[in-house]
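Following: one structure in structure tokens, then a few remarks.
The values are calculated or read from the model by the stated rules, or taken from the named source; none is laboratory data. Computed from a prediction, not measured in an experiment: that's the story for all the values here. Cβ atoms come from the backbone with ideal geometry, glycine included; neighbour counts cover every protein chain shown. Side chains included, ligands, DNA and RNA excluded: accessible areas come from the protein's heavy atoms. Shrake-Rupley method; radii C 1.70, N 1.55, O 1.52, S 1.80 Å.
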Amino acid sequence: MVNGNRQIWPTVRLWACNTFIVFFVAMMFLDALPFAPQKLGDLVDPVQRVVGINQGSWGMFAPETDTDNFRLSAEIEYRDGTVATWSTPEWRKQSYWESFLGVREHEYLENVTELHRRAYWDQFADYIVKRHPGPRPDSDVKLVKIWKQFAEIPDLRVPVETDDEGNPLPVKWQSWVEPPEFEERSPLYGRRYY
Amino acid sequence: MRETTAGPPGNSLFHLWRRFFHEPVDPRVCALIRIGFAALVLVNLAAWYPNLDLWFGPEGVVSPQQASDSLGPYDWSVLLWLPQSSVVLHVCFWVFAAQAACVLLGLFTRINTIGVFIWLVSFEHRNELIIDSEDVVFRLVGFLLIFMPAGYVWSLDARFRPRGAVLPPASGWTVRLLQIQMAVIFLSAALTKMQGEPWVDGTAMYYVARLDDYFGRFPAPRFMFDTPALVALLTWSVMIVEFTVPILVWFKETRLPCLALALLFHVGCDYTMNLFLFHWIMLVGWMAFLTPHDLDRLARLLPGRYFPRSRVSEGPI
């Protein structure tokens, strides 16, 4: 019986491996490939999430690329009337190490201000206060006002100028080394501290 | 002696499967993946540490309640199961770092790799606002590393192994899965791009090059992204690379050129774009396609004590 078990075990292991392989590859295809049937993908999603191997499709700058740059700015008003300002860094003026180490901050600033993330905006205001080495202690903050502004990258598919005969002129390419031209900033959020 | 056979001689699919997934793998490949993965995890942790409480603490940018609410019913995070305090967070972080260091050194490799994977999932789910694609790649590589014979060589496990200890042959199925995963990532990216007008009409790199928070970290020739024809060439080149590499890398004749192309692609992207460790963890994944012959050639270039040769049978490819 012991010898029988010893002979069975490698076969059991082999078939367990093979079953795992089949399921893993199937889940990978269903989760990652864009044309995979959604219903099947939804079926395997719970398993992937419990195990921790969910991935989704790999749409990096795709299918549509981002077409605008953003900046955030804030005013921090203290109880004695002093006002300090904060803004997102000039990304291209950062040193290599600043941009390398600041990538999580960049990710946070990009994600937190999306409209469906309003629930996080109180902490975002707190974050600005903490990050800013203000002229007064953080406990003296009365109000934080946050603005967001965009600089749209000219859409090459939409001609905006026409010649004298009304024919659309080719869109003028903005050089990639030129700084973006930002619109007027618009208010995003305000947090009052009592 | 009882003869065992792999199956009926006519069962070519079974033999093909067995040959593809279950031939022994060169454990040096697994060790390289282990070392690369662990090193990058440690770099990631070093970048997290200065703002650890800000990103993951109970008084940080995402409260524990908000983190719980943002998770799906099947997502989990060990950090949300534990008492919420800065002390507990720091203890978890240092356990994570210690386990990653053990994976790097190959000490109790498997159990520590499991620990690293659990921490990767937990930290990722604790704050979704700072997570991006590279964290997904970290998780996937970490998961597959659990099942690899990653501590067989170039590890403290190997050093402390009793003399004469016989290890079971290292089956290559997890390396195969990592190879398939890398191919799927590229294919998925290519297929998703094909659905986007800017990628098809050749203008996508025009827009990408003007995203000043991602692009332009190192000097690049101005004309490369200011000339329509070159922009179109670069745009379509990205798609061609992402479409052809995952297919042609499987063939002996085109494997090395594909790996060289992938290396050039990732290094080139990392030079121009600020995507943190994404391209480096991808390169770790592509190492799954290295063969014993490649490693022996590399060993000839390096001093023996830095890259010991290992006598193993031919790997999966």
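It is to be established whether one or more residues within segment B:62-76 are in contact (Cβ under 8 Å) with a residue 60 or more places away in the chain, at the interface with chain A (Cβ under 8 Å from one of its Cβ atoms) and in a helix (DSSP H, G or I).
From segment B:62-76, those in contact (Cβ under 8 Å) with a residue 60 or more places away in the chain are B:62, B:67; that's our starting set.
Cutting the leftovers down to at the interface with chain A (Cβ under 8 Å from one of its Cβ atoms) gives us B:62.
Now drop any that are not in a helix (DSSP H, G or I), which leaves none.
The answer is no; no qualifying residue exists.
Is segment A:3-22 home to any residue that is at the interface with chain B (Cβ under 7 Å from one of its Cβ atoms), modelled with pLDDT of 95 or more and part of a helix (DSSP H, G or I)?
yes
Name the helices (runs of 4 or more DSSP H) wholly within segment B:98-193 that hold at least 3 residues that are within 9 Å of chain A (Cβ to nearest Cβ) and modelled with pLDDT of 95 or more? Spell out the reasoning first.
On the way: elements: B:109-126, B:133-147, B:156-160.
Counting at least 3 such residues, we get B:109-126, B:133-147.
Filtering segment A:110-151 down to residues that are facing chain B (nearest Cβ under 10 Å) and charged (D, E, K, R), which residue is farthest from the chain's Cα centre (by Cα)?
Once the filter is applied, the top-ranked residue is A:Lys130.
Does segment B:243-275 hold any residues that are over 21 Å from A:Ser95 (Cα atoms) and of a type in the set (Ser, Thr, Tyr), and which are they?
Of everything in segment B:243-275, those that are over 21 Å from A:Ser95 (Cα atoms) and of a type in the set (Ser, Thr, Tyr) turn out to be B:Thr244, B:Thr254.
Does B:Leu120 satisfy the criteria of being in contact with a Gly (Cβ under 7 Å, 6 or more places away or on another chain), over 28 Å from B:Leu178 (Cα atoms) and open to solvent by less than 30 Å² (accessible area, probe 1.4 Å)?
Here the answer is no, as B:Leu120 does not meet what is asked.
To keep it simple, each residue is scored yes or no on (1) facing another protein chain (nearest Cβ under 7 Å); (2) at positive phi; (3) open to solvent by 40 Å² or more (accessible area, probe 1.4 Å).
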position: A:Asp68; (1), (2), (3): no, no, yes
position: A:Arg71; (1), (2), (3): no, no, no
position: A:Ile76; (1), (2), (3): no, no, no
position: A:Gly81; (1), (2), (3): no, yes, yes
position: A:Arg92; (1), (2), (3): yes, no, yes
position: A:Ser95; (1), (2), (3): no, no, yes
position: A:Arg104; (1), (2), (3): yes, no, no
position: A:Tyr108; (1), (2), (3): yes, no, no
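Within segment A:46-57, which residues are surrounded by 18 or more Cβ atoms within 10 Å (Cβ to Cβ) and in a helix (DSSP H, G or I)? Break it down stepwise before answering.
Step one: list which residues in segment A:46-57 are surrounded by 18 or more Cβ atoms within 10 Å (Cβ to Cβ), which gives A:48-49, A:52-55, A:57.
Hits for segment A:46-57 are A:Gln48, A:Arg49.
With respect to B:Val41, is the statement that it is buried (at least 20 other Cβ atoms within 10 Å of the Cβ), touching a residue at least 12 places away in the same chain (Cβ under 8 Å), of a type in the set (A, V, I, L, M) and part of a helix (DSSP H, G or I) true? Break it down stepwise before answering.
Working: buried (at least 20 other Cβ atoms within 10 Å of the Cβ): yes; touching a residue at least 12 places away in the same chain (Cβ under 8 Å): yes; of a type in the set (A, V, I, L, M): yes; part of a helix (DSSP H, G or I): yes.
Spelling it out, B:Val41 is indeed buried (at least 20 other Cβ atoms within 10 Å of the Cβ), touching a residue at least 12 places away in the same chain (Cβ under 8 Å), of a type in the set (A, V, I, L, M) and part of a helix (DSSP H, G or I).
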